[in-house]
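Structure first, then comments.
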Amino acid sequence: MNLLRRRKKQSMNVRDSGMIRSDGHLAFVRGFICAVSPMRDTGPDCCDGKVEAAHVRIGTDGGTSLKPSDCWAIPLCASHHAEQHRIGERSFETKYKISMKAIAEKLWRVSSHRLKYERTHPETTP
């Protein structure tokens with residue numbers, strides 16, 4: 001039986017090599033309460049579902065169909081993470097009066113995984 005050859009995946013001129021990937025940092029981010037909780041009167045009980053590491057796209061190295069580096073992750077419960085995707089980042093930030101990028105920057109700055117990453121990848125430090 002003569003099968004057709006698979007074609008090679010075409011490059012879209014996207015460099016993924018410069019992206020920061022750190023499972024440890026994502027686990028660190030998931031260890032916090034939802035970033036929306038402190039901004040609401042009801043406290044952490046207002047959230048539904050487990051905390052997820054939500055990536056911030058606006059103003060970062062992410063884009064359409066390109067997940068940003070893991071240094072741009074913030075903790076959001078499952079319901080707020082879904083809402084953030086549903087209404088968009090700008091509307092989400094306005095609604096909850098938060099800066100997702102500032103939260104991600106602060107978490108990356110205090111993460112021990114940043115130091116590990118910077119030692120092994122000095123050329124990709126944001």
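When 121, 85 are checked against the criterion of being loosely packed, with under 15 Cβ neighbours inside 10 Å and under 18 Å from residue 35 (Cβ atoms), a single residue qualifies: 85. State the number of residues belonging to the stretch 33-43 that are surrounded by 13 or more Cβ atoms within 10 Å (Cβ to Cβ) and either modelled with pLDDT under 90 or closer than 24 Å to residue 18 by Cβ (or both). Adding up the residues that qualify gives 2.
The set of residues from the stretch 102-126 being small (Gly, Ala, Ser) and in contact (Cβ under 8 Å) with a residue 24 or more places away in the chain comprises 104, 111, 112. Scanning the stretch 89-101 for residues that are loosely packed, with under 13 Cβ neighbours inside 10 Å and free of Cβ contacts under 8 Å to residues at least 40 places away in the same chain, we see that the one that is farthest from residue 55 (Cα to Cα) is 94. Elements of the type helices (runs of 4 or more DSSP H) sitting completely within the stretch 48-126 and holding at least 1 residues that are touching a Gly at 6+ places or on another chain (Cβ under 8 Å) and within 16 Å of residue 21 (Cα to Cα): these cover 112-120.
For the stretch 1-32, taking the residues that are surrounded by 13 or more Cβ atoms within 10 Å (Cβ to Cβ) and not in a helix (DSSP H, G or I), the one that is modelled with the highest pLDDT is identified as 32.
This table checks each residue for (1) within 26 Å of residue 46 (Cα to Cα); (2) among the aromatic types (Phe, Trp, Tyr); (3) at pLDDT 95 or above; (4) touching a strand residue (DSSP E or B) at 6+ places or on another chain (Cβ under 6 Å).
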| site | (1), (2), (3), (4) |
| --- | --- |
| 63 | no, no, no, no |
| 68 | no, no, no, yes |
| 72 | yes, yes, yes, yes |
| 79 | yes, no, no, no |
| 95 | yes, no, no, no |
| 99 | yes, no, yes, no |
| 106 | yes, no, yes, no |
| 115 | no, no, no, no |
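The values are calculated or read from the model by the stated rules, or taken from the named source; none is laboratory data. Bear in mind the structure is a predicted one, so any value in this text is a computation, not a measurement. Cβ sites come from the backbone with ideal geometry, for glycine too, and all protein chains shown count toward neighbours.
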